[in-house]
Structure formats: C-alpha cells, structure tokens
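Trainee: Take this structure, written in structure tokens, and hold onto it; I'll ask about it next.
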Amino acid sequence: MAYRLFEGKKHASIYQQYRFAPPVELKDAIVQYLDSKKAPPHELAVDLGCGTGQFTRLLAPHFKEVVGMDVSENQLEEARVVPGEPNITYRQGSAEDLPFEDGTVDLLTAASAAHWFDQSKFLPEANRVLKPGGCIALLGFSETNLRFIYKDCGDGINQIYQEVKQVLQPYTTNPVAVSENKLQDMFSAIPYPDKQRIDEFKTKTLLSVRNLIGFIRTWSMFQTYERKDPQGAEDLLASIQKRILDLMGATSPDTEIERDWAYFCVLASKPL
Ligand SMILES: C[S@@+](CC[C@H](N)C(=O)[O-])C[C@H]1O[C@@H](n2cnc3c(N)ncnc32)[C@H](O)[C@@H]1O
C-alpha cells in the first residue's frame, strides 16, 4: 500500500519552509562509505522520497548527476524553484518502480522517507539498479535522546513537545513507528553481507520557536489532524507557542532554542 500523505500543495510549501537539511557531516560519512566501496568519480545518485530536495542538494558536488524522486508532484514543484545545482533533476516516481537501467546507479539515498516504502518491492528494485559496489543510505532522525536547551527551561520545553506528540499519537501511522525503530526490519532484510547502521549521529541546531512550531506543522500526523479538525490544529499550535514563550520568558517567536538530537543511517553496499 502506498502512503500519499505529502501530496497537498500547502503541505509541500510548509515542507519547503520548515524542513531542515540533514547534517552535512552525515552526508560526508555517506559519501566516504561509498568512496570506500567504489572508487570515485561517481556518476549517478538518486535521492528517493526527496520531498523539496533538502538532502538532494547536498549530494550535488559529489556526482556527475543527481536525481531527486518523489511520488508527490507538489513536493517536486517546490524543489525545482530552489536555485540549485545544474546537475540535479527532479522526477516524479516511486521507490518501488525505478526508471533506471540495471546496474547504473552509484548511490541510492532516502532521507526521512524509507519508512514509507514498500520494503518487499523497494529492496529488489534497489538491487537491480545499483552498480556492483554501489550503496544504499537510508537516514532519518531519532528523537529518543532529543534535548532542548534554553537557559534553565529546556526540560520544560521538552515536556511540552512530548505532550504534542501524545496529542497527535492517534493520527500516527505505522510507518512513523518504523522510522522511530530506526528501520530495523529494512536493515535486517537488506540481502548484502556488507551493511551497517549508524544508530546515533549526534547533531545540534539552533532554531526559533517559530520554526519549531513550523516543523511540527510538517509532520504527517499533524496534517492528518488538521484535515479532521482545522480549528483544533491551529489552537494546538497557538497554545504550545504561547506556553513555550511564557516558559522562556520571551515574547518574540524568533527567539532561538538549541536542539540536540541525532540521526540514524542504514548503509549497505551491493557486492562486487
Ligand atoms: C517525510 S518526507 C521527507 C522528505 C525529504 N527527503 C526530507 O528529508 O525532508 C517523505 C517523502 O517521501 C515521499 N514518498 C513517500 N512514499 C514514497 C515512495 N514510495 N516513493 C517515493 N517517494 C515517496 C513523500 O511524498 C514525501 O515527500
């Protein structure tokens, strides 16, 4: 079953505004892994479930050609308007049916997206298109050890954030839980002996209260809730913004908080 939760034009535009790129250092670790399996120069990287292209753009300097693919045309439209690298193209398509010849892809990536794929179709398709020595890198963020830091009220901010997740729990789909499980099933099912999972790639970001609220807006479960109860969804965001600002003793939503969190990444290389 395909999940089509990111299709709306408004959702795509919120994505473009509030989703952040994964850490450059993690992208570097992925490219180094590929370099160690298959000597550069590399020709083709394909970023699956690319959304509005935050991770796709990071790959551009390392490949002759980069293709961002997504099932949602609205996400791709947002990606195409970002001034970018001339070697990137965006194409509509699904991870389960890739429009590439056998053995032509150096690197297949998916950032916060592989949990939406049909594993039983995606893995054979990945194996078909990868070159020998080519790699898969499936990354996402994990909120298990998430911490907010702002004066002495980081724990309070975290508590409010966890409360929002609880409120949205009934609108959470199974794939989101799969991502929180760091793609354990997908990792086990990859048929290559050469595979590893980075469980905790720690990172720090400064983000404004406005952007934290915007980030919550991008969640599929928030979007589902908003479709069901638009007023309730707006009220929820307004109330948590106020509670966070009150706790911080701040008035401007542009006030920044530090967020410490981590990514995971499943890496695998097709045998030579
Ligand atoms: C959570 S977003 C991640 C977007 C982006 N990679 C990022 O890091 O922000 C997941 C994306 O995967 C896309 N998607 C879901 N299922 C897909 C599939 N089977 N094939 C390709 N894209 C898919 C959605 O349309 C959505 O844009």
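The values are calculated or read from the model by the stated rules, or taken from the named source; none is laboratory data. Small disclaimer: the values here were computed from a predicted structure and weren't measured. Neighbour counts run over all protein chains shown; Cβ positions are idealised from the backbone, glycine included. Accessible surface is based on the protein model in full, side chains and every heavy atom, while ligands, DNA and RNA are left aside. Shrake-Rupley method; radii C 1.70, N 1.55, O 1.52, S 1.80 Å.
Trainee: Please enumerate the residues belonging to segment 151-210 that are open to solvent by less than 20 Å² (accessible area, probe 1.4 Å), outside any helix (DSSP H, G or I) and aromatic (Phe, Trp, Tyr).
Mentor: Hit for segment 151-210 is 192, nothing else.
Trainee: If I filter segment 34-46 for residues that are on the phi < 0 side of the Ramachandran plot and within 18 Å of the chain's Cα centre (by Cα), do I get at least one hit? Walk me through it before giving the result.
Mentor: Residues of segment 34-46 on the phi < 0 side of the Ramachandran plot: 34-46.
Still in the list and also within 18 Å of the chain's Cα centre (by Cα): 45-46.
Scanning segment 34-46, I find at least one residue that is on the phi < 0 side of the Ramachandran plot and within 18 Å of the chain's Cα centre (by Cα), so the answer is yes.
Trainee: Just wondering, is there one or more residues in segment 116-128 that are part of a loop (DSSP other than H, G, I, E, B) and more than 9 Å from the ligand (Cβ to nearest atom)? Talk me through it step by step, then tell me what you get.
Mentor: Filtering segment 116-128 down to residues part of a loop (DSSP other than H, G, I, E, B) leaves 117-118.
Filter once more, keeping what is more than 9 Å from the ligand (Cβ to nearest atom): none.
No.
Trainee: Residue 147 passes all but one of (1) away from the ligand (no atom under 16 Å from the Cβ); (2) open to solvent by less than 10 Å² (accessible area, probe 1.4 Å); (3) under 20 Å from the mean Cα position of the chain (by Cα); which number fails?
Mentor: For residue 147, the exception is condition (2).
Trainee: Let me ask something else about it. State whether the residues of segment 193-216 include one that is of a type in the set (Gly, Ala, Ser) and touching a helix residue (DSSP H, G or I) at 6+ places or on another chain (Cβ under 6 Å).
Mentor: Quick first cut of segment 193-216, residues of a type in the set (Gly, Ala, Ser) only: 208, 214.
Next cut, touching a helix residue (DSSP H, G or I) at 6+ places or on another chain (Cβ under 6 Å) only: 214.
Yes: one or more hits.
Trainee: Applying the selection to segment 114-130, what residues are farther than 15 Å from residue 51 by Cβ and open to solvent by less than 30 Å² (accessible area, probe 1.4 Å)?
Mentor: 122, 123, 125, 126, 129, 130
Trainee: Could you list all residues from segment 231-264 that are assigned to a helix (DSSP H, G or I), of a type outside the set (S, T, N, Q) and surrounded by 14 or more Cβ atoms within 10 Å (Cβ to Cβ)? Let's see the steps before the verdict.
Mentor: At the first step, the residues of segment 231-264 found to be assigned to a helix (DSSP H, G or I) are 231-248.
Adding the requirement that they be of a type outside the set (S, T, N, Q) leaves 232-238, 240, 242-248.
Answer for segment 231-264, where residues must be assigned to a helix (DSSP H, G or I), of a type outside the set (S, T, N, Q) and surrounded by 14 or more Cβ atoms within 10 Å (Cβ to Cβ): 233, 236, 237, 240, 243, 244, 245, 247, 248.
Trainee: With respect to the numbered conditions (1) part of a helix (DSSP H, G or I); (2) near the ligand (Cβ under 10 Å from one of its atoms); (3) surrounded by fewer than 19 Cβ atoms within 10 Å (Cβ to Cβ), which one is the sole condition not fulfilled by residue 35?
Mentor: The one condition residue 35 does not meet is (2).
Trainee: In addition: I'd like to know if segment 44-58 contains one or more residues that are more than 12 Å from the ligand (Cβ to nearest atom) and of a type outside the set (A, V, I, L, M).
Mentor: First, pick out the residues of segment 44-58 that are more than 12 Å from the ligand (Cβ to nearest atom): 44-45.
With the extra rule that they be of a type outside the set (A, V, I, L, M), the set shrinks to none.
For segment 44-58, residues more than 12 Å from the ligand (Cβ to nearest atom) and of a type outside the set (A, V, I, L, M): absent.
Residues checked against (1) aromatic (Phe, Trp, Tyr); (2) buried (at least 20 other Cβ atoms within 10 Å of the Cβ); (3) within 13 Å of the ligand (Cβ to nearest atom); (4) in contact (Cβ under 8 Å) with a residue 40 or more places away in the chain:
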| residue | (1), (2), (3), (4) |
| --- | --- |
| 42 | no, yes, no, yes |
| 60 | no, no, no, no |
| 67 | no, yes, yes, no |
| 82 | no, no, yes, yes |
| 97 | no, no, yes, no |
| 105 | no, yes, no, yes |
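Trainee: For residue 269, are the conditions met, namely being among the small types (Gly, Ala, Ser) and either buried (at least 18 other Cβ atoms within 10 Å of the Cβ) or closer than 27 Å to residue 117 by Cα (or both)? So that I can check it myself, show each step before the final result.
Mentor: Working: among the small types (Gly, Ala, Ser): yes; either buried (at least 18 other Cβ atoms within 10 Å of the Cβ) or closer than 27 Å to residue 117 by Cα (or both): yes.
Judged against the criteria, residue 269 is a match.
Trainee: A further question on this structure: Quick check, is residue 46 of a type in the set (A, V, I, L, M, F, W, C), in contact with a helix residue (DSSP H, G or I) (Cβ under 8 Å, 6 or more places away or on another chain) and surrounded by fewer than 22 Cβ atoms within 10 Å (Cβ to Cβ)? Show your work before the answer.
Mentor: Details: of a type in the set (A, V, I, L, M, F, W, C): yes; in contact with a helix residue (DSSP H, G or I) (Cβ under 8 Å, 6 or more places away or on another chain): yes; surrounded by fewer than 22 Cβ atoms within 10 Å (Cβ to Cβ): no.
Considered against the rule, which asks whether it is of a type in the set (A, V, I, L, M, F, W, C), in contact with a helix residue (DSSP H, G or I) (Cβ under 8 Å, 6 or more places away or on another chain) and surrounded by fewer than 22 Cβ atoms within 10 Å (Cβ to Cβ), residue 46 comes out as no.
Trainee: Right, here's the next one. If residue 111 passes every condition in (1) open to solvent by less than 10 Å² (accessible area, probe 1.4 Å); (2) touching a helix residue (DSSP H, G or I) at 6+ places or on another chain (Cβ under 7 Å); (3) within 10 Å of the ligand (Cβ to nearest atom); (4) of a type in the set (A, V, I, L, M, F, W, C) but one, which one does it miss?
Mentor: Just one mismatch for residue 111, condition (1).
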